[in-house]
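The values are calculated or read from the model by the stated rules, or taken from the named source; none is laboratory data. All figures in this text were calculated on a predicted structure; none of them were measured in a lab. Cβ atoms come from the backbone with ideal geometry, glycine included; neighbour counts cover every protein chain shown.
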Amino acid sequence: MSERKARVKVGVVGATGYTGAELVRLLSSHPRVELTMLVSRTESGKSLAEVLPHLGGIDLPPLSTLDMERLASECEVVFLAGETGFAMEHAPVLLKTGVPEFAFPGYPAGSEKKILPSWSEKKILQVIDLSADFRLRDPALFQEWYGMPHRAPELLREALYGLPELTPPDAYRYARLIANPGCYPTASALALAPLLSADLVDSECIVIDAKSGVSGAGRSRVSVEYLFTELDENFKPYAVERHRHTPEIEQTLSGIAHQTVRVRFTPHLVPMRRGILCTTYARLRQPVAISDLHALYTTFYGDQPFVWVRPLGDFPATRDVYGSNRCDIGLTIDARTQMAVVISAIDNLVKGAAGQAIQNFNLLMGWEPTLGLPMAGIAP
C-alpha cells in the first residue's frame with residue numbers, strides 16, 4: 001500500500017455531522033489527501049462553509065447527494081460517517097466496485113498472495129466506517145443490542161476492527177473495510193488493555209464509569225433532553241441498564257485477555273461540548289507494586305505516539321486532550337480494596353471518532369500514523 005501515489009482521493013459521506021465535519025477539518029490539512037467528494041443528504045448543492053462557517057476559507061468541493069457510482073469512480077477511500085444502519089446498506093455496494101473478497105482476518109499468513117497476486121495493479125476502493133455497523137462480529141449480538149437485523153453479515157468477518165494501538169499492524173495490509181471503534185470503547189480499552197494482557201486482574205470484576213460531552217450524541221439530536229436548558233448545570237447517567245457500547249467493549253477486551261471479560265459500564269452526560277473521562281476499576285488477582293504497574297503501562301504503550309501515560313500521581317482531564325488525537329492515562333492502586341484504578345481522557349470527536357479514523361487511514365496506506373493529526377491539545 002505504501003507504493004500508492006503521493007495524494008489519495010478521499011470522499012466523506014455525512015460531511016455536515018459533528019464527526020463528518022471533524023473529518024473534513026482534519027483531512028483538509030492532511031499532506032497526502034485530496035478531498036474529492038463531500039456528501040450530505042440534506043444540504044447538497046451548498047458549500048460546506050454555508051452550513052458550517054467554521055470550515056470557511058478551505059478549498060473544498062461542494063456538498064453533493066449520495067451517488068454510489070460517482071463515489072466509487074472518483075474516490076480511492078471513502079469515510080462513512082452516517083448513523084447506525086447506513087453503512088451496512090451502502091458499504092457492500094461500494095466494495096463491489098473493488099476486487100473480490102480475498103484476505104480478511106483469519107486467512108493463513110501468505111494466502112493473500114495466492115488469492116490476489118496482482119494486488120498493486122488493481123483499483124481498490126476502501127471504506128472506513130465510523131458507525132457501529134461492522135464493529136461486532138456476531139450478527140445476532142448486533143441485533144440484540146441495536147434492535148435491527150444486520151443486512152451485511154457476510155462483511156462482519158472481513159471488517160478490520162481498527163483500534164490502532166491494539167490492532168496488529170500487519171492486519172491493515174490487505175484490509176478493504178475498517179470498523180472505526182466507538183468513543184467509549186476506545187477510552188475503556190486503552191485504559192484496561194495492559195492489565196488484561198498481563199492477566200493481572202479478575203476479568204469478570206471490572207467497572208467502567210465514563211462521562212462524555214454532548215457532541216457524542218451527534219449533531220442531528222434534537223430531543224428535549226438535549227436542549228441547553230436541560231443540559232446546563234446538570235449531570236446525569238443514561239442507558240444505565242444497557243448501553244450499546246457494552247458488547248463492543250467486552251469483545252475488544254476479551255480479545256486482549258484471551259478469555260471472557262465482563263464489565264459493568266455506566267455512561268454519563270456532562271454539559272460540555274467535547275471530551276470523555278473514563279474511570280475504570282479492576283480487582284487485582286494479587287498484590288502489585290504501583291511502580292511495576294506504571295512500568296507495565298509505559299512499556300505497553302512505549303511505541304504508541306498517541307497514548308501518553310502520565311507520571312504517577314498525575315491524572316488526566318478532558319481539557320488536556322481537547323482537539324488532539326491523544327489518549328492520556330493516569331493510574332493508581334487502592335491497596336485497601338486491591339483495586340487498580342485507571343483513568344483515561346480523550347476528545348470524543350478526535351481520538352474517539354474522526355482522528356482515530358484518520359489514524360486508521362494512515363496505517364491502511366502504509367504511512368506514519370501521526371500524519372495530518374494533532375498531537376497537542378487546545379487551551380484555554
One residue is enough: does segment 255-274 have a residue meeting the conditions crowded, with 21+ Cβ neighbours inside 10 Å and over 16 Å from ILE208 (Cβ atoms)?
yes
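For (1) in contact (Cβ under 8 Å) with a residue 12 or more places away in the chain; (2) in contact with a Gly (Cβ under 6 Å, 6 or more places away or on another chain), each residue gets a yes or a no:
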| position | (1), (2) |
| --- | --- |
| VAL8 | yes, no |
| GLY20 | yes, yes |
| SER28 | yes, no |
| MET37 | yes, yes |
| GLY57 | no, no |
| PRO62 | yes, no |
Looking at the structure I just gave you, is GLY213 buried (at least 20 other Cβ atoms within 10 Å of the Cβ) and either without any contact (Cβ under 8 Å) to a residue 60 or more places away in the chain or not assigned by TED's automatic domain parsing to the domain that holds SER131 (or both)?
yes
Pick from segment 294-305, criterion touching a strand residue (DSSP E or B) at 6+ places or on another chain (Cβ under 6 Å) and buried (at least 18 other Cβ atoms within 10 Å of the Cβ), ranking: farthest from THR332 (Cα to Cα)
TYR301
Residues in segment 274-282: is at least one farther than 30 Å from GLU230 by Cα, free of Cβ contacts under 8 Å to residues at least 12 places away in the same chain and not assigned by TED's automatic domain parsing to the domain that holds PRO168?
no
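Which of the helices (runs of 4 or more DSSP H) found entirely inside segment 1-91 contain at least 2 residues meeting this: crowded, with 17+ Cβ neighbours inside 10 Å? Spell out the reasoning first.
Working: elements: 18-27, 48-51, 68-74.
Fully inside segment 1-91 and qualifying: 18-27, 68-74.
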Flagged in segment 144-165 as outside any loop (DSSP other than H, G, I, E, B), under 27 Å from LEU192 (Cβ atoms) and under 20 Å from the mean Cα position of the chain (by Cα), in numbering order, are TRP145, TYR146, LEU160, TYR161
Any residue at all in segment 319-330 that's crowded, with 24+ Cβ neighbours inside 10 Å, touching a helix residue (DSSP H, G or I) at 6+ places or on another chain (Cβ under 6 Å) and more than 24 Å from PRO267 (Cα to Cα)?
no
Tell me which strands (runs of 3 or more DSSP E) are completely within segment 304-380 and hold 2 or more residues being within 15 Å of the chain's Cα centre (by Cα), or say none if there are none.
339-346
Flag for PRO185 being part of a loop (DSSP other than H, G, I, E, B), touching a Lys or Arg at 6+ places or on another chain (Cβ under 9 Å) and surrounded by 23 or more Cβ atoms within 10 Å (Cβ to Cβ)
no
Is there a residue in segment 71-85 that is at positive phi and touching a residue at least 60 places away in the same chain (Cβ under 8 Å)?
yes
Given (1) at pLDDT below 95; (2) in contact with a His (Cβ under 9 Å, 6 or more places away or on another chain), identify the lone condition not met by LEU156.
(1)
Within segment 104-127, does at least one residue satisfy the condition of being surrounded by 14 or more Cβ atoms within 10 Å (Cβ to Cβ) and modelled with pLDDT of 95 or more?
yes
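Before we move on, is ARG41 at pLDDT below 95 and closer than 21 Å to GLY372 by Cα?
Working: at pLDDT below 95: yes; closer than 21 Å to GLY372 by Cα: no.
So ARG41 fails the test.
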